[in-house]
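First comes the structure, then the notes that go with it.
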Amino acid sequence: MLFLYTIIVQIANFSLKIVALFSPKIKLFIDGRKPVFEILAAKIKTNDKTIWFHAASLGEYEQGLPVIEKIKEKFPNHKIVVTFFSPSGYEVRKNNLVADVTVYLPLDTQKNAQQFLKLVHPEMVFFIKYEYWPNYLNELRKLGTPTYLISGIFRENQMFFKWYGGFYRKALETFTYFFVQNESSKKLLLQLGKTNVAVSGDTRFDRVATILEKDNSLDFIETFKNDTLTIVVGSSWPKDEILLVDYINQTSEKVKFIIAPHNIKQEQIQELKNSINKKTVLFSEKETKNLTDFDVFIIDTIGILTKIYSYADIAYVGGGFGNPGVHNILEPATFGVPIIIGSNFSHFAEATALVNMEGCISIANKKELFDAFSNLIDNDDIRHEKGHICSTFVQMNKGATAIIMNNIS
């Protein structure tokens, strides 16, 4: 079965090379992997001690960051190797300061796995949340390398729990320990006979909780806000923006808006700006403008959304009208900001919990969005109460990193 799987991976790789001729993102995916082994050979010596972390994309990297930082403290003489599967993670965090080496993960063939592990020779391995690559896991099992899953989450519809999922169930044998987010994940693993499981919770809570200890000030946001009630829109997609622009153009409320779209391609940013009737400024042109004079601030850059949330009175987090669903709501939550999201959030435990606790409001259409904004803008007590629910939720769910660190040698 492993042989057949490897052939499928190789066919997929060939197909992607053709697609890369027409897709810039897939081109990054292909081209970014070409120098990986050369980079590893140059940066890791045979006598180096290493620890390897793998993240599918940006969200998983941020999720694993508290553990990476603690591992770095505990093992200061080891080199930290971080791999990404997707360009959206690697391209944003390729210059991170916590890892000694950051590269794409070569595609999951036996040859790639053997060469990668020979060059990295990790003493410990951490997979973050998911991504179970059978060839890598099989080679790690042969080597007897301690391998951990952190912030793992399992669902009944996954391959492991189907009658035909024996191939993937075998891959799970590699893991020394599973640190999962919830009891339901633990129960599913117990059904497979896995007793090396602990419910640690989600390490993202530890990460976002530490944000409060940092300097989140941005002078230009302070100037733009100018003591005015401000709605921050984070990681918005076109489906979100259609509703939001309607509200912005129609509202007579004395409110300012900061929009940080998920996609910052110039043509899409310009289209968004042109659709707004109120005075709108882009981040890229802020140096020549008096920001106080504007009603809408579009952030056509990356890396500062977390700090911007600290200025929000209300947050709208995008993604909830598409797949896989809503983006990270924990960053605005940690600042005690009430949150509005779209209706597709059921696969995200933190969103489901906060909607049930009424710190987060889910909307399905334009009317519900208008009503939610109006209610939060007009009622200070409701706005502050929902914000308090959000910040308390983050604080009450800290501690996953400590559980993980206490159970690894």
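The values are calculated or read from the model by the stated rules, or taken from the named source; none is laboratory data. Bear in mind the structure is a predicted one, so any value in this text is a computation, not a measurement. Every residue, glycine among them, receives a Cβ derived from its backbone with ideal geometry; neighbour counts consider all protein chains shown. The protein model used for the area step is the full one, side chains on, heavy atoms only, and it has no ligands, DNA or RNA in it. Shrake-Rupley method; radii C 1.70, N 1.55, O 1.52, S 1.80 Å.
Tabulated values for the structure
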read-out: Some residue of the range 177-187 being of a type in the set (Ser, Thr, Tyr), modelled with pLDDT of 95 or more and closer than 17 Å to residue 113 by Cα; value: no
read-out: Verdict on residue 288 being open to solvent by 10 Å² or more (accessible area, probe 1.4 Å), free of Cβ contacts under 8 Å to residues at least 12 places away in the same chain and hydroxyl-bearing (Ser, Thr, Tyr); value: yes
read-out: Residue match in the range 96-109 (condition: under 28 Å from residue 159 (Cβ atoms), over 14 Å from the mean Cα position of the chain (by Cα) and polar (S, T, N, Q)); value: yes
read-out: For residue 385: the one exception among (1) within 26 Å of residue 150 (Cα to Cα); (2) open to solvent by 30 Å² or more (accessible area, probe 1.4 Å); value: (1)
read-out: Entirely in the range 307-398, the helices (runs of 4 or more DSSP H) that have 3 or more residues that are aliphatic (A, V, I, L, M) and at pLDDT 95 or above; value: 349-357, 366-378, 380-396
read-out: Subset tally (residues that are free of Cβ contacts under 8 Å to residues at least 60 places away in the same chain, open to solvent by 20 Å² or more (accessible area, probe 1.4 Å) and within 23 Å of residue 404 (Cα to Cα)) for the range 139-154; value: 3
read-out: Number of positions in the range 114-129 that are within 26 Å of residue 197 (Cβ to Cβ) and modelled with pLDDT of 95 or more; value: 8
read-out: Among the candidates 333, 312, residue that is among the aliphatic types (A, V, I, L, M), in contact with a Pro (Cβ under 8 Å, 6 or more places away or on another chain), under 28 Å from residue 214 (Cβ atoms) and touching a residue at least 12 places away in the same chain (Cβ under 8 Å); value: 312
read-out: Output for the range 362-376, where each listed residue is under 29 Å from the mean Cα position of the chain (by Cα), closer than 17 Å to residue 251 by Cβ and open to solvent by less than 50 Å² (accessible area, probe 1.4 Å); value: 363, 369, 370, 372, 373, 376
read-out: Residue that is surrounded by the most Cβ atoms within 10 Å (Cβ to Cβ), among those in the range 315-330 that are without any contact (Cβ under 8 Å) to a residue 60 or more places away in the chain and in contact with a Gly (Cβ under 8 Å, 6 or more places away or on another chain); value: 326
read-out: The range 155-165 - residue that is in contact (Cβ under 8 Å) with a residue 24 or more places away in the chain and part of a helix (DSSP H, G or I) and, of those, surrounded by the most Cβ atoms within 10 Å (Cβ to Cβ); value: 160
read-out: Count of the range 199-209 residues which are over 14 Å from residue 333 (Cβ atoms) and part of a helix (DSSP H, G or I); value: 0
read-out: The range 227-285, residues that are over 14 Å from residue 302 (Cα atoms), open to solvent by less than 30 Å² (accessible area, probe 1.4 Å) and among the β-branched types (Val, Ile, Thr); value: 228, 230, 231, 232, 245, 248, 251, 255, 276, 280, 281
read-out: Residue list for the range 166-195, filter: surrounded by fewer than 15 Cβ atoms within 10 Å (Cβ to Cβ) and within 23 Å of residue 52 (Cβ to Cβ); value: 173
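To keep it simple, each residue is scored yes or no on (1) out of contact with any Leu (no Cβ under 6 Å at 6 or more places or on another chain); (2) touching a residue at least 24 places away in the same chain (Cβ under 8 Å); (3) within 17 Å of residue 86 (Cα to Cα).
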| residue | (1), (2), (3) |
| --- | --- |
| 21 | yes, no, no |
| 27 | yes, no, yes |
| 46 | yes, yes, no |
| 56 | yes, yes, yes |
| 60 | yes, yes, yes |
